[in-house]
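I have a structure I would like to understand better, so I am pasting it below and will then ask my questions one at a time.
The values are calculated or read from the model by the stated rules, or taken from the named source; none is laboratory data. The shown structure was predicted, so the numbers you read here are calculated from the model rather than taken from an experiment. All Cβ positions, glycine included, derive from the backbone under ideal geometry; neighbour counts span all protein chains shown. Keep in mind that these areas ignore ligands, DNA and RNA; they rest on the heavy atoms of the full protein, side chains included. Shrake-Rupley method; radii C 1.70, N 1.55, O 1.52, S 1.80 Å.
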Amino acid sequence: MLAHLSINNIVLIEKLELACAPGLTALTGETGAGKSILLESLNLVLGGRADTGLIRSGADKAKITAQFDLGAKHPVATLLEEQDIEFEGTLILRRSLGSDGRSKAFINDAPVSVGLLRQIGGLLVEIHGQFQTYGLLDPKTHIDLLDDYAGLRRDLDVLRSAYEAWQSAQARLAQLEADYAQALREEEYFKDCVDELEKLAPQEEEEARLSEQRKTLMNAEKITSIYAEVLTHISGGYGKGQEGAETPINHACRLLERNGDILGEGVDPMIASMDQALTLLSEVSREIEGKLSDMDRGEYNLEQVDDRLHELRGIARKHNVFPDDLPRLLDDLKEKLRLIDNQGFEKDALEKEVGQTHKAYLEKAKDISVRRQKAAAELDNAVNAELAPLKLERARFFTKIEQRSEDQGGPRGLDQVYFEVATNPGQAPGPLNKIASGGELSRFTLALKVVLAGSGAATTMIFDEIDSGVGGATATAIGTRLALLGESKQVFVVTHSPQVAARAGNHWIVAKTSDKASGQTVTDVTPLKVQADKTEEIARMLSGAEVTGEARAAAEKLIAAPQDENRKTGT
């Protein structure tokens with residue numbers, strides 16, 4: 001509920017601090033005293049349109065702060081968590097408005113957008129007046145009100161999951177069909193590319209090997225000369241029979257062996273090292289001879305290597321890849337052709353999944369439709385029972401439910417819900433905002449809200465002159481129903497009706513006063529804490545400026561009237 005409201009520099013309000021209580025609170029006072037200023041202030045802190053005309057004359061900035069005490073599980077908690085705003089049951093909304101037109105919004109001291117403030121505010125407070133019945137005039141909200149009344153929230157979560165599963169399967173099927181159609185258009189091209197690449201038969205890292213081979217072929221003569229000279233130094237030459245390094249090392253090794261008994265034990269490591277050197281030299285010789293032999297055989301000549309490189313690089317450019325990526329490209333194209341062949345099987349499986357998920361969705365949606373129809377009939381009966389005491393005995397309230405086709409369902413099901421009214425017998429029902437007048441609309445709202453008292457996220461409701469144009473028993477019935485609504489919600493009512501004010505557990509007087517020193521007029525709000533003060537104010541409302549003894553007696557009688565008696569003509 002709204003626990004505290006602080007208003008600074010709004011129109012005629014300089015500074016106002018209001019502690020708010022649960023139940024029904026009546027706001028009374030002379031016309032023009034400034035009751036509407038309180039509503040405009042609250043509307044501003046709930047995310048309403050900022051107008052610099054609201055700033056008090058002579059002030060640079062206006063500021064409104066509203067503190068709400070809510071349960072930790074209030075629906076607002078989820079939204080705050082998504083925005084990473086701390087919330088432990090207490091919520092403080094703050095809005096400031098500068099004379100330059102700039103507006104700032106805060107929730108629990110975290111700066112937020114006005115859009116988020118408005119979204120949060122809509123979950124906290126409902127404002128209903130002769131010309132502003134938020135929610136009720138918007139047909140989009142009617143299904144929410146009916147579902148709350150029917151207690152369908154958990155079922156709607158299941159329905160939403162079923163809908164998402166159906167939509168997901170449909171989306172995947174549509175994507176598969178689009179991919180398949182595109183693949184069919186490209187199938188011949190893929191086949192040509194595969195044929196071309198299979199004939200080319202590219203190998204991993206082939207370009208690097210060919211580049212190295214090309215470099216070798218271009219320097220073949222010089223390489224042969226170098227290797228031949230190296231062999232000459234190692235083993236005596238490449239086909240020349242000259243003495244190389246191996247012969248003297250071999251002679252030295254044998255000399256050490258023949259004289260080992262003279263040289264002693266230290267000669268063995270020397271002999272082993274020279275044997276190892278001879279072995280290594282022999283391996284190098286064989287490797288060089290192998291390379292020279294390969295060059296002599298000439299498996300590829302320079303022209304063939306150049307042609308192969310040119311072909312690899314040309315096809316790589318055609319496909320906008322590197323030559324080393326060609327083997328992987330061939331595999332990818334083969335996989336695409338395989339998928340084209342297999343998509344028929346995948347499509348069958350997905351079509352089956354679409355059918356199954358749609359069936360599950362429809363079963364839940366139809367079950368919810370049946371329960372909505374039943375709840376709609378109960379809601380209509382309950383609301384219509386409330387109309388007669390509110391001087392709407394000739395009017396009727398209808399909940400209209402239209403069903404979409406089975407393939408046009410949404411996350412809320414197949415139903416579209418509209419609240420309609422007929423204000424006279426024989427009149428065709430129509431939308432609330434087109435059929436009902438301002439005063440009638442307020443009373444329809446009150447009847448509906450009394451019936452829906454336990455549902456909805458908003459914990460605070462405000463009715464602005466809902467009793468306009470009525471009096472007597474009708475005003476008493478309105479007051480009784482507002483008090484009844486106050487048993488489950490926090491309710492504020494701006495009223496000129498003593499019958500309505502008498503039913504309020506809390507009473508504020510809104511009045512204008514003039515400061516003789518400054519000459520300024522200010523609006524102030526005085527909570528009536530003593531029963532005698534409340535009786536005096538209701539007596540004033542009954543008799544006017546001069547309060548008589550008869551008016552005080554009538555006021556006491558109104559306040560003492562039992563709730564049950566006042567409601568006996570209702571439900």
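Treating the beta-carbon of each Lys and Arg as +1 and of each Asp and Glu as -1, no other charges, what is the dipole magnitude of the chain about its Cα centre, to the nearest 20 debye?
Magnitude of the dipole: close to 4400 debye.
Nearest 20 debye, what's the magnitude of the dipole of segment 140-277 about its Cα centre given +1 on Lys and Arg Cβ and -1 on Asp and Glu Cβ?
260 debye
Work out the length of the dipole vector of segment 1-90 about its Cα centre, built from +1 on the beta-carbon of each Lys and Arg and -1 on the beta-carbon of each Asp and Glu, and round it to the nearest 20 debye.
Values: 7 positive and 12 negative charges, 76 e Å.
That gives segment 1-90 a dipole magnitude of about 360 debye.
While we're on this one: Can you bin segment 256-347 into rounded, prolate or oblate? Criterion: square roots of the alpha carbon gyration tensor eigenvalues sorted a ≥ b ≥ c, rounded for a/c under 1.5, prolate for a/b above b/c, oblate for the rest.
Prolate, since a/c reaches 1.5 and a/b exceeds b/c.
Quick one: Karplus J couplings for segment 16-29, per residue in order, coefficients 6.51, -1.76, 1.60, θ = phi - 60°, nearest Hz, x for Gly and Pro?
Calculated HN-Hα couplings, in order: 9, 10, 10, 8, 9, 10, x, x, 9, 10, 9, 10, 10, x Hz.
Output the Cα-based Rg and Dmax of segment 1-76 in Å, rounding Rg to one decimal and Dmax to a whole number.
Reported Rg and Dmax, both Å: 13.6, 43.
Averaged over all directions, how much area does the convex hull of the C-alpha atoms of segment 33-123 cover when projected, in nm²? Provide the component values of the computation, followed by the final result.
Numbers: hull surface 24.4 nm².
With every direction weighted equally, the projected area is 6.1 nm².
On average, how much accessible surface per residue is there in the chain, in Å², for a 1.4 Å probe, leaving out ligands, DNA and RNA? Each step should come with its number before you reach the end.
Working: 30320 Å² over 571 residues.
Here the per-residue accessible area is 53 Å².
Could you please tell me the mean projected area of the C-alpha convex hull for segment 335-383, averaged over all directions and given in square nanometres to one decimal?
Working: hull surface 18.1 nm².
That works out to 4.5 nm², a quarter of the Cα hull's surface.
Cα axis of helix 246-258 to longest principal axis of the chain: angle in degrees, 0 to 90, nearest 10?
80 degrees
Now for a different question. Tell me, what HN-Hα J-couplings in whole Hz come from the Karplus equation 6.51 cos²θ - 1.76 cosθ + 1.60 at θ = phi - 60° for each residue of segment 68-83, using x for Gly and Pro?
Result, rounded to whole Hz: 10, 9, 10, x, 4, 9, 4, x, 5, 4, 4, 5, 5, 4, 4, 8.
Can you give me the Cα centroid spacing of segment 60-100 and segment 1-41 in angstrom?
18 Å
Please list, or write none, the aspartates and glutamates whose alpha carbon is within less than 16 Å of the alpha carbon of K434, excluding same-chain residues fewer than 8 places away.
D138, E420
Before anything else, pin down the relative contact order of segment 231-381: Cα pairs under 8 Å, at least 6 apart, normalised by residue count, whole percent. Don't skip to the answer; put the middle values down first.
Working: 55 pairs, mean separation 15.9, N = 151.
Here the relative contact order equals 11 percent.
Rounded to two decimals, what is Rg over Rh for segment 152-266 when you use alpha-carbon atoms and the Kirkwood radius?
Working: Rg = 37.7 Å, Rh = 23.3 Å.
Radius of gyration relative to Kirkwood radius: 1.62.
Name the residue from F419, V383, L362 whose Cα lies farthest towards the positive end of the charge dipole of segment 351-430, charges +1 on Cβ of Lys and Arg and -1 on Cβ of Asp and Glu.
V383
On to the next question. What pairs in K35/K391; K199/K336; K449/K529; K489/K557; K374/K449 have C-alpha atoms more than 22 Å from each other? Walk me through the intermediate numbers first.
On the way: K35/K391 26 Å; K199/K336 19 Å; K449/K529 28 Å; K489/K557 26 Å; K374/K449 19 Å.
Flagged as over cut-off: K35/K391; K449/K529; K489/K557.
Explain nothing, just the number: relative contact order of the chain, from Cα pairs under 8 Å at least 6 residues apart, as a whole percent. Don't skip to the end; give the middle numbers.
Details: 822 pairs, mean separation 120.9, N = 571.
21 percent.
Whenever you get a sec, compute what percent of the accessible area on the chain sits on carbon and sulfur atoms (1.4 Å probe). Write down the numbers at each step before the final one.
Values: 15060 of 30320 Å².
About 50 percent, which is the carbon plus sulfur part of the accessible surface.
Next question. Using modelled backbone amide H atoms (1.01 Å from N, in-plane), which distant-in-sequence or interchain residues come within less than 5 Å of I466's amide H?
V494
Given the protein chains as shown and a 1.4 Å probe, how many square angstrom of S99 are accessible, to the nearest 10?
80 Å²
With Cβ to Cβ distances under 11 Å as the rule, what net charge do the other residues near K336 carry (K, R +1; D, E -1)? Write down the numbers at each step before the final one.
Working: positive: K191, K334, R338; negative: D179, E186, E187, D331, D332, E335, D341.
Net of charged neighbours comes to -4.
Tabulate in residue order the Karplus-calculated ³J(HN,Hα) for segment 164-170, using 6.51 cos²θ - 1.76 cosθ + 1.60 with θ = phi - 60°, rounded to whole Hz; enter x for Gly and Pro.
Once rounded to whole Hz, the list reads 5, 5, 5, 5, 5, 5, 4.
Sticking with this one: Could you tell me whether segment 400-507 comes out rounded, prolate or oblate from its Cα gyration tensor? Rule is a ≥ b ≥ c as square roots of the eigenvalues, rounded for a/c under 1.5, then prolate if a/b exceeds b/c, otherwise oblate. Let's see the in-between values first.
Details: a/c = 3.34, a/b = 1.66, b/c = 2.01.
Oblate shape, in that a/c is at least 1.5 and b/c is the bigger or equal ratio.
Dipole of the chain (Lys/Arg Cβ +1, Asp/Glu Cβ -1, origin at the Cα centre): which of I435, I401, G121 lies farthest to the positive side?
Of the options given, the answer is I435.
Here's a follow-up. Over 10 Å intervals from 0, what percent of Cα-Cα pairs in segment 100-210 sits in each interval?
Taking every Cα pair in segment 100-210, the percentages come to 10, 16, 18, 16, 12, 10, 13, 5, 1.
Could you tell me the distance between the Cα centroids of segment 341-363 and segment 456-499, to the nearest Å?
Result: 55 Å between the Cα centres.
For Kirkwood radius over Cα pairs in Å, which listed value, (i) 27.0; (ii) 32.7; (iii) 25.4, comes from the coordinates shown?
(ii)
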